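A short write-up of the structure that comes next.
Each reported figure results from applying straightforward, stated rules to the coordinates on display, with no laboratory input. Because the structure is a prediction, the values reported are computed rather than measured. Every residue, glycine as well, gets a Cβ built from its backbone with ideal geometry; the counts of neighbours run over all protein chains shown.
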Amino acid sequence: MAEKDTTIDVEKLLKNKLKSVSIGTLESSIAKVISDLVGEDYKCTIGEVKYTLFSGADFHVKVELSYNPEK
């Protein structure tokens with residue numbers, strides 16, 4: 001079996017596109033997915049975000065049941 005040489009696009013790897021995504025969008029998207037999975041309304045809060053060098057991010061996610069007294 002011949003090994004394939006793979007080329008890594010360093011420019012793409014170092015350009016962290018996650019920085020352009022708003023934290024609010026991440027929070028509402030995570031809350032929606034969990035709410036859809038569980039069948040109850042949940043809210044999500046994202047703590048301090050640390051962007052990594054190679055197009056990643058580390059952050060704390062808190063998910064909790066939303067309290068709506070009208071339901």
(message) Among the residues of segment 14-71, what is the count of those that are surrounded by 13 or more Cβ atoms within 10 Å (Cβ to Cβ), more than 12 Å from the chain's Cα centre (by Cα) and in a helix (DSSP H, G or I)?
(response) 3
(message) Restricting to segment 1-13, count the residues that are part of a loop (DSSP other than H, G, I, E, B) and among the basic types (Lys, Arg).
(response) 1
